[in-house]
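J.: Have a look at this one before I ask anything.
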Amino acid sequence: MSITLPPYAAALGIIIEADGAGEDAPVLRMDFADGLSGRPGNLHGGAIAGLLDMAAWASMRAMLDAGEGPARFKPIGITIDYLRGGKHRPTYARGRVTKVGSRVATVVVEAWQEERSKPIAAARLHFMLGRSEAAES
Amino acid sequence: MKTSSRLVNPVPHAAIKIAPLAARGATAMAVPMAGDGEFIFDPARMFRAMERHGHSAMMGFRFVAHGHDWVELRLPWRADLVGDAETGTIANGAVTALMDMAGGMCVWTRLGLFRPQATLDLRIDYLRAAKPGADIIGRVECYRVAREIAFVRGLAHDGDAGDAVAHMAATFMFTGPPMPPRGSSANPVGGPPGMSA
């Protein structure tokens with residue numbers, strides 16, 4: 001199984017580090033580049049948000065490509081907690097689809113650097129599944 | 001009136017219409033100091049330094065306007081910022097980055113000075129898909145500054161502020177004391193380290 005990330009992933013230098021096996025979603029990797037820097041010595045919060053969003057999207061894409069739901073989804077919202085400053089080193093992120101209902105799916109995603117157990121940021125997202133008036137307007 | 005002297009563009013939020021950048025930029029960048037010589041943080045001037053470096057440069061953020069507690073930035077559409085190759089709309093993550101940037105700047109604008117800070121949490125509600133190929137304008141206001149935390153809220157739109165594509169709420173945590181005012185003996189050059197214009 002292989003998914004193709006949207007153009008914005010390439011702009012941030014995000015690649016698929018591990019495709020995921022079994023029920024695991026892909027692990028994404030974003031190497032540090034000057035274009036991702038924020039306050040001195042730190043990754044920009046916006047770049048971290050981009051990685052979290054992309055990892056959440058990838059977890060949904062991987063799950064739906066595996067034939068477990070509708071082919072279409074769109075985000076309703078994202079809530080990000082910034083937990084630690086991101087340093088000038090590679091950052092990883094993986095999403096986990098925690099619930100798939102008939103209309104909405106919930107994803108939690110974490111980003112980390114040296115240690116998986118010390119996430120630099122976490123987020124929760126809701127996605128609208130298939131067609132729905134609320135998300136189409 | 002102290003407050004009004006800080007207003008560079010004293011137009012009520014709802015009354016803002018999107019005008020050509022050049023027309024608004026000229027107004028927004030004109031007033032770095034209050035009449036009595038008191039230092040006032042100037043987001044337009046700071047942004048001219050920031051837009052050449054780091055994530056702002058990579059994303060292509062542009063300064064649009066500000067008031068005493070709000071900042072408006074623009075994210076020009078670019079093919080590599082697209083989040084859905086089929087529709088050609090700008091990625092949600094890019095909109096989030098724009099709002100994070102405008103959020104941080106509006107805190108300094110309300111404070112009237114630079115103070116190191118980090119985003120603590122940020123929530124975005126995606127109200128509708130942006131128009132394919134459209135620029136995104138992000139406007140964020142700081143409505144409260146507490147001792148350790150600043151609170152902001154904002155909206156993103158693609159041409160009509162009355163028809164937002166996203167709403168945003170966030171908090172920023174201060175990570176250090178305010179920086180000395182530009183032009184003071186402790187900081188004769190002005191701006192935070194690495195941000196001098």
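J.: Give me the net charge of A:L28's neighbourhood, meaning all other residues with Cβ under 12 Å from the Cβ of A:L28; Lys, Arg count +1, Asp, Glu -1.
T.: -2
J.: A follow-up question, please. Could you give the Stokes-Einstein D for segment B:40-174 in µm² per second, using the C-alpha Kirkwood radius, 37 °C, 0.692 mPa s?
T.: 223
J.: If you add up the charges near A:E110, with Lys and Arg at +1 and Asp and Glu at -1, over every other residue whose beta carbon is less than 9 angstrom from its beta carbon, what do you get?
T.: +3
J.: Starting from the amide H of B:D135, placed 1.01 Å from N in the peptide plane, find each other amide H under 5 Å away whose residue is 5 or more places distant or on another chain.
T.: Under 5 Å from the amide H of B:D135: B:W77.
J.: Percent relative contact order of segment B:40-174, based on C-alpha pairs within less than 8 angstrom and at least six residues apart?
T.: 24
J.: With springs only between Cα atoms under 10 Å apart, run a GNM on chain A and tell me which of A:A121, A:A11, A:A25 wobbles the most.
T.: Highest fluctuation among the options: A:A11.
J.: Mind listing the long-range amide H neighbours of A:A33? Cut-off is under 5 Å, sequence gap 5 or more, other chains count too, H placed in the peptide plane at 1.01 Å from N.
T.: For A:A33, whose amide H was placed from the backbone, there are no distant partners under 5 Å.
J.: On to the next question. How far is it, in nm, from the label point at A:V104 to the one at B:L113 when both lie 7 Å from their Cα along the line to the Cβ?
T.: Between A:V104 and B:L113, the simple spin-label model gives 4.4 nm.
J.: If you bin every alpha carbon distance in segment A:1-87 into 5 Å steps from zero, what whole percent lands in each bin?
T.: All Cα pairs considered, the percentages come to 3, 13, 23, 22, 19, 11, 6, 2, 0.
J.: Using a 7 Å offset from the Cα along the Cα-to-Cβ direction at both B:A57 and B:T87, what is the distance between the two label points in nm, to one decimal?
T.: Distance between label points: 3.3 nm.
J.: Taking a spot 7 Å from the Cα of A:A18 along the direction of its beta carbon, which residues of segment A:101-115 have an amide N less than 20 Å from it?
T.: Hits in segment A:101-115 for A:A18 at 20 Å: A:108-115.
Bear in mind these aren't lab numbers, they're just calculated from the coordinates by the rules spelled out. As the structure is a computational prediction, the values presented were derived from the model and not from experiment. Ideal geometry is used to build each Cβ from the backbone, glycine not excepted, and the neighbour counts take in all protein chains shown.
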